[in-house]
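In what follows, a single structure is set out as C-alpha cells and then discussed.
The values are calculated or read from the model by the stated rules, or taken from the named source; none is laboratory data. Computed from a prediction, not measured in an experiment: that's the story for all the values here. Cβ sites come from the backbone with ideal geometry, for glycine too, and all protein chains shown count toward neighbours. In case anyone asks, the SASA skips ligands and DNA or RNA and just uses the protein heavy atoms, side chains included. Shrake-Rupley method; radii C 1.70, N 1.55, O 1.52, S 1.80 Å.
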Amino acid sequence: MEKYPISPEDCLILLAVKESTSLREAARTLNCDPAGLLRKVQRLSKDYGLLQKIHGRWALTSQALPLVVWTQESILSQKKALRGERTLRIASTTWFAERVLIPHLNSFTKSGDRTTFQFLVPDKNFEQTLMEGDCDFVVVCHPPENPAIGYKQILKEPWSVVVAPKLLSQKRGTLLLQDLHKIPFVRHKDVNPMALFPEDLNLEMSASLTIDNLVGIRSAVIHGLGWSFVPTALVGEELAKGELKQIGDRYELDRKICLWWLRGSFEGQKNLRTITSWARHSCQNI
C-alpha cells in the first residue's frame with residue numbers, strides 16, 4: 001500500500017503555522033506541547049524545506065502552500081463524506097456543458113439530495129482524464145476507444161445550417177439552402193459540409209473564416225460573418241430569439257451523444273443509472 005510522502009499530521013502542522021501568529025498559538029490549536037511542535041517544525045524544515053524562519057518567526061515556504069490547500073480540501077471532503085454528501089465530476093466540452101448540461105441541473109437534484117457537482121473542461125483528452133481519475137463521467141458526442149471505459153449512447157446529435165437574418169435578402173417564412181448563395185461560409189476546421197450538400201446547389205463553400213471551436217463559430221455567425229453548419233443545441237437560444245435563422249431541415253450526422261464511465265470505478269457504477277437518466281433528460285429537447 002502506498003503511503004503519504006508527507007503525513008496528514010504534518011500537513012495539519014503546516015496549516016496551523018499558516019493560520020497562527022506564533023508557534024505557541026499553533027501548538028494550542030493542535031493541542032500539543034510547544035517544545036514537541038518545535039521539534040516537528042524543525043524536522044519539516046530540514047527534511048523537506050516546507051518551513052523557514054523569517055525575522056525570528058516560522059513561516060511556510062512556497063513548496064508548502066499547495067500542501068496547505070490540499071489539507072483544507074481534504075478536511076472539507078471528509079466532512080462531506082460524513083454528512084452523506086457526494087460530489088460528481090463531469091467532463092464535457094465548454095459549449096455542451098453551457099447549453100445542455102448545466103441548465104438541467106435542477107432536474108437532477110431532489111429535495112434532501114446532498115449532491116454537489118464539478119464541471120470540467122480538461123486540458124488532456126477525455127479518455128486520459130477519465131482513466132487518471134480526474135473525473136467520474138464524460139458526456140461528449142462520440143464513443144470512447146479504450147475498452148476499459150464503458151459508455152451508453154444517449155441520443156442522436158442534430159445539426160443545423162444557420163445564418164444571421166441580416167445576411168438574407170429574402171424575408172419569406174421558409175428558407176432554403178439556395179438562399180445561402182454567395183453568403184460567406186464560416187467553417188469549423190474539423191467539419192466539411194461539402195460532403196453533405198448536393199453539388200448542384202452551387203453554394204459558395206470557400207471559407208471566409210476557419211475556427212477550431214464551436215463557441216467561436218457561434219459568435220462569428222451571430223455577428224454576421226457568414227453561415228455555418230453547427231450542432232443545433234449550440235444555437236438553440238439564438239434560434240428561439242430570432243438572432244439566427246435555420247436554413248432547411250435538421251441534419252443527423254453519424255454522431256451520438258454518449259455518456260462514459262470507467263468500468264472499474266465504484267462511483268461510476270453506483271451513480272450510473274441516475275446520471276444516465278439525467279443526461280437523457282438534458283438532451284431530449286435539443
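Numbers at a glance
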| quantity | calculated |
| --- | --- |
| Selection status of S277, among the polar types (S, T, N, Q), surrounded by 15 or more Cβ atoms within 10 Å (Cβ to Cβ) and more than 29 Å from L180 (Cα to Cα) | no |
| Positions within the stretch 212-251 being part of a strand (DSSP E or B) and either out of contact with any helix residue (DSSP H, G or I) (no Cβ under 8 Å at 6 or more places or on another chain) or acidic (D, E) (or both), in sequence order | D249, Y251 |
| Residues that are part of a strand (DSSP E or B), in contact (Cβ under 8 Å) with a residue 12 or more places away in the chain and open to solvent by 80 Å² or more (accessible area, probe 1.4 Å), drawn from the stretch 48-107 | R57 |
| Flag if K3 is over 38 Å from the mean Cα position of the chain (by Cα) and either open to solvent by 70 Å² or more (accessible area, probe 1.4 Å) or within 30 Å of H281 (Cα to Cα) (or both) | no |
| Residue, least open to solvent (accessible area, probe 1.4 Å), within the stretch 6-43, restricted to residues that are of a type in the set (V, I, T) and not in a helix (DSSP H, G or I) | I6 |
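This table checks each residue for (1) surrounded by 12 or more Cβ atoms within 10 Å (Cβ to Cβ); (2) at pLDDT 80 or above; (3) more than 28 Å from V138 (Cα to Cα).
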position	(1), (2), (3)
K189	no, yes, no
F197	yes, no, yes
T210	yes, yes, no
I217	yes, yes, no
L225	yes, yes, yes
P231	yes, yes, no
Y251	yes, no, no
D254	no, no, no
L259	yes, yes, no
